[in-house]
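K.L.:
Got a structure here, written out as structure tokens. Questions coming.
The values are calculated or read from the model by the stated rules, or taken from the named source; none is laboratory data. On a predicted model such as this, the values are computed, not experimentally measured, just so you know. Cβ: placed from backbone, ideal geometry, glycine included. Neighbour counts: every protein chain shown.
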Amino acid sequence: EIKDVAIRKIFTGRGDLTVEVEVATEDFVAKAAAPAGASRGANEVVYFPEEGIDAAIAAFERLVAPEVVGLDVSEPYVVDGKLEEVDGTARFERIGGAVAIATSFASAEAGAASLGLPLFSFIGGAYARRLPLPLGNVIGGGKHSRGLGPDIQEFLAIPLNPPDIFTAIYTNVEIHKRALKGILKVDASFTGGKNDEGAWTPRISSRTALRILKETAEEVGKEVGVEVGIGVDVAASSLWNGERYVYKNEGVERGPREQLEFIAKLIEEFDLVYVEDPFHEEDFQSFAELTDRFRDRLIVGDDLFVTNPDRIRHGGRLKAATGVIIKPDQIGTLLRAHTAVSTAREYGLKIVVSHRSGDTEYKTLAHVAVGFGAEVIKTGIMGGERTAKLNELIRIGEYLGRWGNISRIR
Ligand code: PGA
Ligand code: ZN
């Protein structure tokens, strides 16, 4: 039973303000924080109420705190249901999504502690024993690099057949470290700048970034004995001006048709296994066309779906993707994210549980990924807020021991 709750302002790794919520029961105090995105989808829940973080904190004190004290946290999602009730809007306009998700996470943490379970078991039950493949950005551009890198936001690596989670993470770390050599070969003036998610930010074209990534991934993969796939998050809504995709640094503009051909060409040329948000967030049709041509790849919607069950159902019916990004903060509660996952599964979509570009030292996401049975976790490679989740996966793998196994996407 919840005895008390508290809230405070803290910072993300990018220096954005966010909220941390504490949930106290008789025996434990559990804490959690909300991450904060930069390339946010237009259809996400409201992050803070219109008046900002102080209004979010006031709403927590006034609307949430009095209502959740006394609730039984050992029963999953009871607090999440109460959050729906006290806010009363689909987009959490009164309390804000940040307060909602931090409260939801902290309540789940408290519930897990009250039952003596790890959080992933509390979320996923006894069958949650599968570890996700780590997908992480090696080179980055777009908004996360403040326009200083390539136009495509993320160039990603993913080990496809690692024997265990430790080897999987090691493979990504090694690729990240070694990519610097490849970058310096094409741009000797690069000074080693990294972006919000710890990816290298050289001033090179998207094609050059893919070439370097592919070479490095092959080299490291061979050494480690693991097959490595590469991919991109185009974050195309950030490029879209309403009519065309504007690749500013590369000095190119592409209409919707050209964009489709450009992406298809990249997939073939670099054998991409993963493509996220190749089109803007309302273009379900182009997603469906690309997916039809590349059924065997992970074609994933992030801003397209915003972890929203209705949008996932719409996309599922249109066969607009083969995978879905799940960012619990996009939709506001673990309960809603859980519904999003079940909906995605109805359409045979793979699950990619994801961090935000402004994230914190919290490890919650590692447990969410295992609890939801995600095939993939997208949580970067370098930087404290990224390694917090990756290191936790190593611990979860050790905890599961021979009962655990690691996912495959092909
Ligand atoms: P974010 O974007 O900056 O909104 O977290 C990350 C992503 O596009 O995957
Ligand atoms: Zn994305």
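K.L.:
Given the criterion within 16 Å of ligand 1 (Cβ to nearest atom) and within 17 Å of E44 (Cβ to Cβ), identify the matching residue among V306, V275.
P.N.:
Numbers: V275 fails: within 17 Å of E44 (Cβ to Cβ).
It is V306.
K.L.:
From the list S74, S107, exactly one residue is more than 16 Å from ligand 2 (Cβ to nearest atom), among the hydroxyl-bearing types (S, T, Y) and assigned to a loop (DSSP other than H, G, I, E, B). Which is it?
P.N.:
Values: S107 fails: assigned to a loop (DSSP other than H, G, I, E, B).
Result: S74 is the single residue among S74, S107 that is more than 16 Å from ligand 2 (Cβ to nearest atom), among the hydroxyl-bearing types (S, T, Y) and assigned to a loop (DSSP other than H, G, I, E, B).
K.L.:
Of the residues D54, D16, only one is farther than 21 Å from L334 by Cβ and more than 23 Å from the chain's Cα centre (by Cα); which? Lay out the reasoning, then the answer.
P.N.:
On the way: D16 fails: more than 23 Å from the chain's Cα centre (by Cα).
Every option except D54 fails the conditions.
K.L.:
Take L184 and decide whether it is among the hydrophobic types (A, V, I, L, M, F, W, C), modelled with pLDDT of 95 or more and in contact with a strand residue (DSSP E or B) (Cβ under 8 Å, 6 or more places away or on another chain). Full working, then the answer.
P.N.:
On the way: among the hydrophobic types (A, V, I, L, M, F, W, C): yes; modelled with pLDDT of 95 or more: yes; in contact with a strand residue (DSSP E or B) (Cβ under 8 Å, 6 or more places away or on another chain): no.
The answer is no for L184.
K.L.:
Name every residue in the stretch 366-404 that is outside any helix (DSSP H, G or I) and at pLDDT below 95, in order of residue number. Write out each step before concluding.
P.N.:
In the first step, residues of the stretch 366-404 are kept if they are outside any helix (DSSP H, G or I); the result is 372-383, 404.
Result: G404, single match.
K.L.:
Among all residue pairs at least 6 apart or on different chains, which show Cβ distances below 8 Å where the first residue, located in the stretch 317-331, is under 15 Å from E346 (Cα atoms) and assigned to a helix (DSSP H, G or I) and the second is modelled with pLDDT of 95 or more and of a type outside the set (V, I, T)?
P.N.:
Qualifying pairs under 8 Å: R317/Y347; L318/F284; L318/Q285; L318/F287; L318/A288.
K.L.:
Something else now. Out of T322, T339, T333, T343, which single residue is crowded, with 24+ Cβ neighbours inside 10 Å and either within 15 Å of ligand 2 (Cβ to nearest atom) or under 29 Å from G124 (Cα atoms) (or both)?
P.N.:
Values: T322 fails: crowded, with 24+ Cβ neighbours inside 10 Å; T339 fails: crowded, with 24+ Cβ neighbours inside 10 Å; T343 fails: crowded, with 24+ Cβ neighbours inside 10 Å.
Result: T333 is the single residue among T322, T339, T333, T343 that is crowded, with 24+ Cβ neighbours inside 10 Å and either within 15 Å of ligand 2 (Cβ to nearest atom) or under 29 Å from G124 (Cα atoms) (or both).
K.L.:
Within the stretch 346-401, restricting attention to residues that are among the polar types (S, T, N, Q) and under 22 Å from N308 (Cβ atoms), which residue is nearest to ligand 2 (Cβ to nearest atom)? Show your work before the answer.
P.N.:
Of all residues in the stretch 346-401, those among the polar types (S, T, N, Q) come to 354, 357, 360, 364, 379, 387, 391.
Checking the rest, the ones that are also under 22 Å from N308 (Cβ atoms) come to 354, 357, 364, 379.
On the way: S354: 7, S357: 9, T364: 19, T379: 12 Å.
My answer is S354.
K.L.:
Given the condition modelled with pLDDT of 95 or more and within 15 Å of L272 (Cα to Cα), answer yes or no: does some residue in the stretch 191-203 qualify?
P.N.:
no
K.L.:
Now for a different question. G198 fails exactly one of the following numbered conditions: (1) assigned to a helix (DSSP H, G or I); (2) among the small types (G, A, S); (3) within 16 Å of ligand 1 (Cβ to nearest atom). What is the number of that condition?
P.N.:
Result: G198 passes all but (1).
K.L.:
Considering the stretch 152-177 alone, what residues qualify as being charged (D, E, K, R), more than 14 Å from ligand 1 (Cβ to nearest atom) and either in a strand (DSSP E or B) or more than 20 Å from E392 (Cα to Cα) (or both)?
P.N.:
First pass over the stretch 152-177, keeping only residues charged (D, E, K, R): 154, 164, 174, 177.
If we keep only those that are more than 14 Å from ligand 1 (Cβ to nearest atom) as well, we get 164, 174, 177.
Once the filter is applied, which keeps residues that are charged (D, E, K, R), more than 14 Å from ligand 1 (Cβ to nearest atom) and either in a strand (DSSP E or B) or more than 20 Å from E392 (Cα to Cα) (or both), the stretch 152-177 yields only K177.
K.L.:
Name every residue in the stretch 1-39 that is in contact with a helix residue (DSSP H, G or I) (Cβ under 8 Å, 6 or more places away or on another chain) and assigned to a loop (DSSP other than H, G, I, E, B), in order of residue number.
P.N.:
I2, T12, G13, T25, D27, F28, A34, P35, G37, A38, S39
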